[in-house]
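Participant: Okay, handing you the structure first.
Derivation of every value follows stated rules applied to the coordinates shown; laboratory data play no part. Keep in mind it's a predicted model, so treat the numbers as computed, not measured. Reconstructed Cβ throughout: ideal geometry from the backbone, glycine too, with neighbour counts over all protein chains shown.
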């Protein structure tokens, strides 16, 4: 198997990056991971600073897993208080994956009001029911369905994917994008606010879905998605957020506070969600960061 040797000053943790709620088409196979990206069936395993893989070339692996990104520089810019410092220290090597935009968008439409296992199940069923067979060499494995495939799917096929009310949203958005072949390039070229407004026009795309897609597929790292976990962390650990009760206000604070790499801060906080959202020392006032909750246990993974 070909391999990539990681630079000593550029940490990467394959397990964290694939299991932290940003991508849903990968499965663990003993010590390795298997995922289908586009028409590629990729198997990859990490042993120390070596990534060994099959099904893709080195350039793709470096790009997809963002190995060309200077992670320490990003983390140094967001590591500005005890809460995020704990997250950065506990989740070393977590990187934001560069996902294909349609796969990311469709997956997050399927993700609303669900947990990670439920989302993975829906993505798997979508591929099984509506995806194209990879090749005779891999029987039973299918690519992620195209917008055209989903737009033309019968109701019973989508219903069999456990989508519930999301089925209608996904099919309508697939119909719109199947007829708009340049949508990815258009979104990519827009500023964050304009790209967000553009995505919000699509069925099933609310603010959180739009922000996730902009972060995980378009590399707009200022995006700061807010789910129930991030809301709890921000309102319990950051005094400025304790009275904020709307998505926009919390997200705006995250972008302003963490800066151009706010999305990385969000992902690291999410990685430590079960610890950070569970406890907070709310009795101390602002004063050099002393009021920020500093966990005394390791996060669950």
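Participant: Is the C-alpha gyration tensor of region 1-135 telling us rounded, prolate or oblate? Criteria: a/c under 1.5 is rounded; beyond that, a/b larger than b/c is prolate, otherwise oblate.
Facilitator: Taking the square roots of the gyration eigenvalues as a ≥ b ≥ c, region 1-135 is oblate.
Participant: Still on this structure, I have one more. Taking the structure as given and computing semi-axes √(5λ) of the Cα gyration tensor in Å, which label from (1) 26, 25, 20; (2) 30, 24, 22; (3) 32, 24, 17 fits?
Facilitator: (3)
Participant: Another one. For residue 135 and residue 232, FRET efficiency with R0 = 45 Å and r from the beta-carbon atoms, rounded to 0.05?
Facilitator: The formula returns an efficiency of 0.50 here.
Participant: Which length gain, in nm to one decimal place, applies between residue 80 and residue 128 when the Cα-Cα distance is subtracted from 0.36 nm times their residue separation?
Facilitator: Separation in residues times 0.36 nm, less the Cα-Cα distance, equals 12.8 nm.
Participant: From the gyration tensor of the Cα coordinates in region 3-68, what semi-axes in whole Å does the equivalent ellipsoid have, largest first, with each one equal to sqrt(5λ)?
Facilitator: Working: eigenvalues 59, 37, 28 Å².
Equivalent-ellipsoid dimensions as semi-axes: 17, 14, 12 Å.
Participant: Now for a separate question. Is any residue of region 198-232 close enough, with backbone N under 16 Å, to a label point placed 7 angstrom from the Cα of residue 180 along the Cα-Cβ axis, and if so, which?
Facilitator: 198-207, 209-211, 213-214, 218
Participant: Using the count of nearby Cβ atoms within 10 Å as a rough guide to exposure, how do 116, 250 rank from fewest to most?
Facilitator: Listed from fewest to most nearby Cβ atoms, that is 116, 250.
Participant: For residue 114 and residue 28 in the same chain, what is the full-extension length gain: residue separation times 0.36 nm, less their Cα-Cα distance, in nm?
Facilitator: Values: separation 86, 0.36 × 86 = 30.96 nm, distance 2.04 nm.
Gain on extension, residue 114 to residue 28, equals 28.9 nm.
Participant: Now for a separate question. If the chain between residue 39 and residue 10 were fully stretched, how many nm would it gain, using 0.36 nm times the residue separation less the Cα-Cα distance?
Facilitator: 7.6 nm
Participant: Can you give the three extents of the C-alpha atoms in region 84-237 along their principal axes, from longest to shortest, in whole Å?
Facilitator: 47, 32, 30
Participant: Counting only helical runs of four or more DSSP H residues, what would the 222 nm mean residue ellipticity of the chain come to if each run contributes -39,500 (n - 2.57) and the total is spread over all its residues?
Facilitator: -13000 deg cm²/dmol
Participant: Can you tell me the order of 220-227, 62-69, 239-246 when each peptide is scored by its average per-residue count of other Cβ atoms within 10 angstrom, highest first?
Facilitator: Highest mean packing first, the order is 220-227, 62-69, 239-246.
Participant: Please compute the alpha carbon radius of gyration of region 184-276, then divide it by the globular-protein estimate 2.2 N^0.38 Å. Two decimals is fine. Show your work: numbers first, answer last.
Facilitator: Numbers: Rg = 13.0 Å, N = 93, 2.2 N^0.38 = 12.3 Å.
Normalised Rg, Cα atoms only: 1.05.
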